[in-house]
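Right, one structure below, let's go through it.
Read-outs throughout are calculated quantities, based only on the coordinates presented, and are distinct from any laboratory measurement. Not measured: the values here are computed from a predicted model. We place every Cβ from the backbone using ideal geometry, glycine too, and count neighbours over all the protein chains shown.
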């Protein structure tokens, strides 16, 4: 079946922020020990912090769904917090986010019969399949 969005896809420029740069910034800031209480955290505490951020976003979206005005910037900041905490948790567990996401995305693409995959350089669309 034709998919105009996919068939006309042109990769955008490389984003300015990468998982590698996020990880480096997180490690550098963590080394400054500005968040003293986190230096001894185990994976469970990092997970609780991540879930806390997801809960904050969920609460904002619930309020927005009920008609309350929640500025887009607040939503954006919560999504950023989630990504930052996800990277901190992944680092604690020895997981490299780009590797994990590429592997999982491509596995799911194969499972569902999609010819769209990720690589370190770009999104790839196999137009022959």
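Quick notes
- Relative contact order of segment 18-95: 45 percent, from C-alpha pairs under 8 Å at least 6 residues apart in sequence.
- Label point distance in nm, residue 61-residue 116, each placed 7 Å from Cα along Cα→Cβ: 1.9
- For segment 33-129: rounded, prolate or oblate by the Cα gyration tensor [a/c cutoff 1.5]: oblate
- Under 19 Å from a label point set 7 Å out along the Cα-to-Cβ vector of residue 40, the amide N atoms of segment 66-106 belong to 92.
- Taking the number of Cβ atoms within 10 Å of each Cβ as an exposure proxy, the fewest-first ranking of 20, 51, 125 is 20, 51, 125.
- Set of segment 28-59 residues, backbone N closer than 18 Å to the point 7 Å along the Cα-Cβ line of residue 93: 41-55
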